[in-house]
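Report on the structure given below.
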Amino acid sequence: MSWEFPSFSNQNFPKHLFSMKWRDLDARAKNERYRALFRLTPDERLDGHTDCTLWTPFAKMHIVGQLFVSNNYICFCSREEDLCQLIIPLREVSIVEKADSSSVLPCPVSISTKNKMTFLFANLKDRDFLVQRISDFLQRTPDKLWSDGHPLALSGYSPLSPRSSQVSPSPSTTPLSSSLPTPTGAGGEPSQGRHYSPSLPTATQGLLRIYQKDDPEDHGPKATKEKMKEESWNIHFFEFGRGVCMYRTSKTRELVLNGIPESLRGELWLLFSGAQNEMATHPGYYAELVEQAMGRCTLATEEIERDLHRSMPEHHAFQNEMGIAALRRVLTAYACRNPGIGYCQAMNIVTSVLLLYCTEEEAFWLLVALCERMLPDYYNTRVVGALVDQGVFEELTRECLPLLYEHMQELGVISTISLSWFLTLFLSVMPFDSAVLLVDCFFYEGIKVIFQVALAVLHANMDTLLGCTDEGEAMTILGRYLDNVVNKQTVSPPIPHLHALLTSGDEPPPEIDVFQLIKSSYDKFGSLRADVIEQMRFKQRLKVIQSLEDTAKRSVVRAIMTDSAFSIEELEELYVLFKAKHIMSCYWGASCTAAERHDPSLPYLEQYRIDLEQFCQLFGALGTWLCGTHTVTLAARHFRLLDSNKDGLINFKEFVTGLSGMYHGDMTEKLKLLYKLHLPPGKQGKTQLFSIDILHLQDSSGIAIRSQCNIVMSVSEVKDYKYYLRMWAKEKEPKIETIKDLPRMNQEQFIELCKTLYNMFSEDPLEQELYHAIATVASLLLRIGEVGKKFTNNGAKKPTDPTYTQAPTLAAELPQPEKEESNGESSSGQSLVCKALAEAQLETPPQQTSDEEVKDDTSVSSYSMVSTGSLQCEDIADDTVLIGCAGDQQRRGSTLDGDWSITFEQVLASMLTEPPLVDYFEKKGDIQARMATCKMQRGVERQVSSSSDHELAQLST
């Protein structure tokens, strides 16, 4: 087979501009399988793979398999499972050369490492290309990862030669410490009292070795057995190599299943998990991270402090400050490294076990491997990964133990037991000396062994469980069984198991040898394959995420259903549409990245938010007040009103609040909403009558209270702090807004309101009646504003404050307009509306000196229209030219009257006089029909988007 490339079709082309083709998806799947197979970091990218043979000196034979090359590793996996696996980091490579080809050994390549190991690959059809690719990757290997004795370094060769100087080093080999700020003290200087240093006992050895060094040497049969295990591993190292380049064979697995000796446990955990590679490529990272993280006060650190003394309290290593301090540093450092996870319960139990056998830095990198690769998404707020594996376990139980599965489902036991088993790798439900053997197998085999052992536990108790009648009885049976799983070969002193003390009965069940349990799990369920489990995980992940999203949807709907007139079904459909817009804004919006827009740690109600562009789209699809080209303007005003915190985003509750007012409000509520939409920002009626901001209280004799309030008091009057606290609490109480709280509307805002109403009526079946009605109301309100202005100017002294616009309401004093006169002016309703607007727009400053002139000024027919329908409402602006009836003079750019204003009560009272307007605003909208249309439109948009993206991808190749 020739060299196969899994890389994307065009690395330089923006991926979000086209949909990935099937080969791109296949490349991503190959990358994920490659990383999972060899326990590599998420930033490792497979460059290619090819068939080959590997010469194995321990077996004196060639093994058929595949060779994989990525940016930092050369890996080999035999075609036959567990026959041989090999991982060669490029940082360890010293020589890559083409060996002499022969009929017995065609096209060989020899790779030598720093520790004097040589690997011989043959039957490589693309040998020249392979050697060139490996050389290219070696050139990109950072200098600091090569020792002074490296052959290329001795020859004067630099990995950053001119040929490769433009190539950025891989993220996996770039020290993360370079991106961390230097820890500083309070004054900005480097901190003198460091929290971590190489001189700490836990920086050089595990806690178990520290606390056992003074114990007398044991020469009993258990110690002899332990020595025999150590000797077996030393022989294995001699034959298969030691370190990251070790040959991993079926012999290796056999030794792991027999138990790793305590003296080698930390080293082999690091090797099998892949943590050793990360630690080697990031020297000093943990120390700097500890200095950056310690001293911070966050939610994660508070939770860590609460759980520190609950972490293996029965073990003497965590009954003193040394063990507790080491555990604190590791957990705090990881919470700083990965704020998305922070800290989750069960992490403390697993980390405390790691610290028993490893140094602090080694335990940290093992925790990274666990949380980010081996148990993905286990330790987060929603334990998604554990729920996924819980679903996989249920599916495996149904396939392997069908009779027991049906009975256990009726009792609801599987979902209860499996979560604690998986989260702590049996460490919380099994004696420590036994559970740590399962951890040995886990680091070598992965999650596969945990499923096997869990199935073996159910199988061993099948008969008893089938006779259970309730969940509690089944939990007791399983709990007592696990309590009595013992390790008879351990050399450590016995550790009390707290769970066993709680579940012990009068007649404890017989002891179960943990080695027999592991052997039974491989005999009965060893056919489980890691790749099949990954496929099951993928399927279960979709179910879990859908279940979590359904839970979130129900929670959000329950939270807002009391404040909305929409039904539960309508709210759920609106939530789906809103969420779809949010997701589109995350991945296709240009305003911010997906991570900035979506924060899973927020409450469900705050997780999904949309910006102005998405709101305008939903407003146009779901809103009842559609105004043609004016719709976008109205939607922007509506968004501004709903965006209470002014962050440019609104959540689902705010969105529903806006829709509910349009669909289910009565006439007063709808008119109030329209009225507020046409007021300038900050004047929608959300005024505060009292504001206190207590910044600090000092207990000294000169107590100072800094506050902001519109009540002026001298310092001597500030005596009762409770008074200010009461006023502050009163201010925080939600204020019920009434129509009297709304500010007055000036002439320009009134014109915009009339434009909106004109556009709203344009497609209504009763269009003409509504035009006549709004023309009458507009004329009436214009006269009300004029009379109010005259009354204010002539009847009272105008204040010097230019913002003062208060005037008494004179609507009751004015005669109602005669409809016949209004209707007689023009045969068209829209002409009447435009006439009223034109009158308001082109009014000249008042110059009347008599009551007669005042009457003429307020008449409806001051200026007439050019012709019926010849002037659209959108065309009315400051530079509009109209022909007056008193002559053919053209009047341009008339200024607005700054003293003219009306109140919301006047608008409401005028509207109530017109039955067509009352009927229009009292009519309820049909949200179901609009949601159905919106969903159909989404389907069309997806098809068009996929088609256009595919064409764009074709052009890019």
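Contact map, region 520-542: residues that are more than 20 Å from V485 (Cβ to Cβ) paired with residues that are open to solvent by less than 60 Å² (accessible area, probe 1.4 Å) and among the β-branched types (V, I, T), Cβ distance under 6 Å, separation 6+ or inter-chain. Pairs shown: M536/V392; R537/V388; R537/V392; Q540/V388; Q540/V392; R541/V388. Listed by first and then second residue, the pairs with beta-carbon distance under 7 Å, at least 6 apart or on different chains, first residue in region 737-751 and in a loop (DSSP other than H, G, I, E, B), second among the hydrophobic types (A, V, I, L, M, F, W, C) and at pLDDT 85 or above, are L742/F904; P743/L679; R744/I902. Filtered by the rule that a residue be of a type in the set (S, T, Y) and in contact (Cβ under 8 Å) with a residue 40 or more places away in the chain, region 315-348 gives T332, Y343.
Can you name the residue in region 77-97 that is hydrophobic (A, V, I, L, M, F, W, C) and assigned to a strand (DSSP E or B) and is also most open to solvent (accessible area, probe 1.4 Å) among such residues?
In the first step, residues of region 77-97 are kept if they are hydrophobic (A, V, I, L, M, F, W, C); the result is 77, 83-84, 86-88, 90, 93, 95-96.
Add one more test, that the residue is assigned to a strand (DSSP E or B), and what stays is 77, 86-88, 93, 95-96.
Details: C77: 33, L86: 1, I87: 6, I88: 1, V93: 1, I95: 72, V96: 34 Å².
This residue is I95.
For region 447-482, give me each residue that is out of contact with any Lys or Arg (no Cβ under 7 Å at 6 or more places or on another chain), farther than 17 Å from S420 by Cα and in a helix (DSSP H, G or I).
A460, M462, D463, T464, L465, L466, E473
Could you count how many residues in region 521-549 are within 22 Å of D377 (Cβ to Cβ), open to solvent by less than 40 Å² (accessible area, probe 1.4 Å) and not acidic (D, E)?
Count: 7.
Would you mention how many residues in region 102-114 are open to solvent by 70 Å² or more (accessible area, probe 1.4 Å) and either in a strand (DSSP E or B) or of a type in the set (S, T, N, Q) (or both)?
Residues meeting the conditions: 1.
Number of residues in region 886-912 that are at pLDDT 85 or above and more than 18 Å from Y758 (Cα to Cα): the value is 8.
Per-residue answers, yes or no, for (1) open to solvent by less than 40 Å² (accessible area, probe 1.4 Å); (2) modelled with pLDDT of 85 or more; (3) of a type in the set (V, I, T):
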| residue | (1), (2), (3) |
| --- | --- |
| L917 | yes, yes, no |
| F921 | yes, yes, no |
| D926 | no, no, no |
| V940 | no, no, yes |
| Q954 | no, no, no |
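Within region 476-492, track down each residue that is in contact with a Ser or Thr (Cβ under 7 Å, 6 or more places away or on another chain) and surrounded by 15 or more Cβ atoms within 10 Å (Cβ to Cβ). I477, G479, R480, D483, V485, V486, N487, listed by residue number.
Can you spot a residue in region 351-369 that is open to solvent by 10 Å² or more (accessible area, probe 1.4 Å), within 21 Å of the chain's Cα centre (by Cα) and of a type in the set (F, W, Y)? Taking every residue of region 351-369 in turn, none turns out to be open to solvent by 10 Å² or more (accessible area, probe 1.4 Å), within 21 Å of the chain's Cα centre (by Cα) and of a type in the set (F, W, Y).
For (1) in a helix (DSSP H, G or I); (2) hydrophobic (A, V, I, L, M, F, W, C); (3) open to solvent by less than 40 Å² (accessible area, probe 1.4 Å); (4) at pLDDT 90 or above, each residue gets a yes or a no:
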{"site": "R23", "(1), (2), (3), (4)": "yes, no, no, no"}
{"site": "A27", "(1), (2), (3), (4)": "yes, yes, yes, no"}
{"site": "K30", "(1), (2), (3), (4)": "yes, no, no, no"}
{"site": "D47", "(1), (2), (3), (4)": "no, no, yes, yes"}
{"site": "Q66", "(1), (2), (3), (4)": "no, no, no, yes"}
{"site": "V69", "(1), (2), (3), (4)": "no, yes, yes, yes"}
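Can you name the residue in region 744-780 that is open to solvent by less than 30 Å² (accessible area, probe 1.4 Å) and of a type in the set (G, A, S) and, of all such residues, is farthest from P916 (Cα to Cα)? Applying the filter and picking the extreme gives S779. Looking across region 619-636, the residues that are open to solvent by 20 Å² or more (accessible area, probe 1.4 Å) and not in a helix (DSSP H, G or I) come down to T624, L626.
With respect to (1) among the charged types (D, E, K, R); (2) open to solvent by less than 30 Å² (accessible area, probe 1.4 Å); (3) not in a helix (DSSP H, G or I), the lone exception for D440 is condition (3).
Consider G385 carefully, then state whether it is open to solvent by less than 10 Å² (accessible area, probe 1.4 Å) and assigned to a helix (DSSP H, G or I).
Spelling it out, G385 is indeed open to solvent by less than 10 Å² (accessible area, probe 1.4 Å) and assigned to a helix (DSSP H, G or I).
Of the residues making up region 642-659, those that are open to solvent by 20 Å² or more (accessible area, probe 1.4 Å) and part of a helix (DSSP H, G or I) are L642, K653, E654, T657. Residues in region 420-437 that are farther than 17 Å from S520 by Cα, of a type in the set (S, T, N, Q) and assigned to a helix (DSSP H, G or I): S420 alone.
Among the criteria (1) outside any helix (DSSP H, G or I); (2) open to solvent by 60 Å² or more (accessible area, probe 1.4 Å), the one C245 does not fulfil is (2). Selection over region 567-585 of residues that are in contact with a strand residue (DSSP E or B) (Cβ under 7 Å, 6 or more places away or on another chain) and either without any contact (Cβ under 8 Å) to a residue 24 or more places away in the chain or farther than 15 Å from A621 by Cα (or both) gives a count of 2.
Within region 402-416, can one find any residue that is open to solvent by 20 Å² or more (accessible area, probe 1.4 Å), β-branched (V, I, T) and assigned by the TED database to the domain that holds M475? Yes, some residue in region 402-416 is open to solvent by 20 Å² or more (accessible area, probe 1.4 Å), β-branched (V, I, T) and assigned by the TED database to the domain that holds M475.
Residues of region 296-312 that are in a loop (DSSP other than H, G, I, E, B), in contact (Cβ under 8 Å) with a residue 40 or more places away in the chain and open to solvent by 40 Å² or more (accessible area, probe 1.4 Å): R296, T298. Scan region 115-147 for residues that are more than 43 Å from the chain's Cα centre (by Cα), part of a helix (DSSP H, G or I) and surrounded by 14 or more Cβ atoms within 10 Å (Cβ to Cβ) and the total you get is 1.
Taken as a whole, the condition of being under 24 Å from Q132 (Cα atoms) and in contact with a Leu (Cβ under 7 Å, 6 or more places away or on another chain) applies to F68. Counting only residues that are open to solvent by less than 10 Å² (accessible area, probe 1.4 Å) and in a helix (DSSP H, G or I), region 370-382 holds 2 of them.
The values are calculated or read from the model by the stated rules, or taken from the named source; none is laboratory data. Model, not experiment: these values are computed from the prediction. Heads up, the Cβs are rebuilt from the backbone with ideal geometry, glycines too, and the neighbour counts pull from every protein chain shown. Just so you know, the surface numbers come from the protein's heavy atoms only, side chains and all, with ligands and any DNA or RNA stripped out. Shrake-Rupley method; radii C 1.70, N 1.55, O 1.52, S 1.80 Å.
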